């Protein structure tokens, strides 16, 4: 049995005591500070029901090359809002059940590919998956090409991203909003998108026909889906490999919501319009559908939590471990439980999270167990959520500190603060030290 040095033992004990007043449960959707400390609670910390402005973090997502203005992005489901309409992007890859490689065997194969090539090559591992991803485009036919998309109800917190530029990451910061509105998409007609507070899943869009507008002008052309049909309840079913996106039959009102009138979808090939009976056109008409999909939910799972010396709380989670593209997030809350910022990790080809820790200055460090695009990374975030340093956890042909970063612990007691790292993978379970600036040569030891 190997002995644990007193320094490392004390470091882990201090870490356990320091973070014991906070808890986050996988699947419960609850972040809670101990009530004994006069604490606070946040329900569903990774719900992300916001629209984020595109400041350069979304550039290659659409094959059409059309510019993304705003986006909803959560777990591996996304909605991109362009000038011509929204785009649903659902990412799902399932390991083939009958493949000769089991999950562990496949993971070992993935590690072998990583060691040989330095990155997880999606082309080389594609044969192991059933790819159920889909991209569904919704285009407002005959719409105003000069329409503006207005964002309203800005949140006080913000989102940060790492944009790959050459061999480094560039920092991107973006504001988030509760609602976006396509102004004058047709003459005297606006379309607004928002997340309803009375429903757990999905989002809503209102077609607002002001006096002088003509609802018959509104036509939405769909492309990229497997099938498009109306069910017996008048709901629009948009079939993709992972299931159905359901656009519920519209509920419509005249006069600011005081008078409900009958309305329904009309499907003509891949084009959807609305059938509205005669109404008083001097009043405003609101057509109010509700869109849901099994994918348009959240992954409210926290996998790591730390508290810095000022009482700020950092939570690492939001994704789901497994196979297929996934994006995890770090959320920073101040000591009163107010969200400050959200950092979204680079896309993970194989979706295995790692660990998080923080230092005395409010910098935080996150690691990937497996799968960051461009190689496994340890990233250092500033107190404002910007990536200020990075290091590959394994640099072929090696050795590196750890192929899979399972644990990160910050040691301020050293003359030069360091990170203790624990992990595994080929060639075995390892531990090591890294300068907290993520510079220089890491030191590591293979334990087994």
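Some notes on this structure:
- Residue list for region 323-334, filter: over 20 Å from residue 389 (Cβ atoms) and at pLDDT below 90: 323, 324, 325, 326, 327
- The residue list 173, 154 contains one member that is without any contact (Cβ under 8 Å) to a residue 40 or more places away in the chain, surrounded by fewer than 18 Cβ atoms within 10 Å (Cβ to Cβ) and assigned to a strand (DSSP E or B), which is 154.
- Residue count for region 290-320, restricted to those that are at pLDDT 80 or above and under 17 Å from the mean Cα position of the chain (by Cα): 6
- Region 68-78 - residue that is assigned to a loop (DSSP other than H, G, I, E, B) and modelled with pLDDT under 95 and, of those, nearest to residue 177 (Cα to Cα): 75
- Single match in 384, 369, 389, 414 (criterion: modelled with pLDDT under 65 and within 20 Å of residue 316 (Cβ to Cβ)): 369
- Residue 215 vs. criteria closer than 25 Å to residue 183 by Cβ and crowded, with 19+ Cβ neighbours inside 10 Å: yes
- The number of residues in region 180-209 that are part of a loop (DSSP other than H, G, I, E, B) and at pLDDT 95 or above comes to 2.
- Some residue of region 335-348 being modelled with pLDDT under 70 and either buried (at least 24 other Cβ atoms within 10 Å of the Cβ) or not in a loop (DSSP other than H, G, I, E, B) (or both): yes
- Residue 287, sole failed condition from (1) closer than 29 Å to residue 135 by Cβ; (2) modelled with pLDDT under 90: (2)
- Some residue of region 137-152 being over 30 Å from residue 206 (Cβ atoms) and modelled with pLDDT of 65 or more: no
- Some residue of region 247-254 being closer than 26 Å to residue 94 by Cα, at pLDDT 90 or above, surrounded by fewer than 17 Cβ atoms within 10 Å (Cβ to Cβ) and under 33 Å from the mean Cα position of the chain (by Cα): no
- Just one of (1) in contact with a strand residue (DSSP E or B) (Cβ under 7 Å, 6 or more places away or on another chain); (2) more than 20 Å from residue 271 (Cα to Cα) fails for residue 222. It is (2).
- Some residue of region 43-59 being surrounded by 12 or more Cβ atoms within 10 Å (Cβ to Cβ), more than 22 Å from residue 172 (Cα to Cα) and either modelled with pLDDT of 55 or more or in contact with a strand residue (DSSP E or B) (Cβ under 8 Å, 6 or more places away or on another chain) (or both): yes
- Against the numbered list (1) free of Cβ contacts under 8 Å to residues at least 24 places away in the same chain; (2) under 35 Å from the mean Cα position of the chain (by Cα), residue 258 comes up short only at (2).
The values are calculated or read from the model by the stated rules, or taken from the named source; none is laboratory data. Just so it is clear, the model here is predicted, and its values are computed rather than measured. No Cβ is skipped: glycine too gets one built from the backbone with ideal geometry, and neighbour counts run over all protein chains shown.
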